[in-house]
1. Roughly how tilted is helix 55-64, in degrees to the nearest 10 and between 0 and 90, from the longest Cα axis of the chain?
2. Counting only Cα, what are the radius of gyration and maximum Cα-Cα distance Dmax of the chain, in Å?
3. Modelling each spin label as a point 7 Å along the Cα-to-Cβ direction, I'd like the Gln55/Val41 distance in nm, to one decimal.
4. How far is it, in nm, from the label point at Glu32 to the one at Asn6 when both lie 7 Å from their Cα along the line to the Cβ?
Amino acid sequence: MPGKGNAWVFYECSDGDEKIQRQLTYIPDTGEAEQVPDPIVKRLYRPELLEPSTQEEFEQYWQMSNGR
């Protein structure tokens, strides 16, 4: 989604490891969210640079992206 502003990328991982189950991109300026139910990248790259989120926050944006 280039040219639409800053984006947040959320990753849902398995408990206790860095395996990516689902991914989504959210653009706050436009309110757009895009689901990636089966991401190509399966492991977190440089997890020390990521900020934690909650399952509730992930699900909120995941539901926003349904049907887009």
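Quick note: the coordinates plus some simple rules give every number you see, no bench work behind them. In this text the structure is predicted, and so the values were computed from the model without any measurement. Neighbour counts are summed over all protein chains in view; Cβ atoms, including those assigned to glycine, are modelled from backbone coordinates with ideal geometry.
1. With both axes taken from Cα atoms, the answer is about 30 degrees.
2. When restricted to the Cα atoms of the chain, Rg and Dmax are 11.9, 35 Å.
3. Simple spin-label model gives 2.4 nm for this pair.
4. Output for this residue pair reads 1.8 nm.
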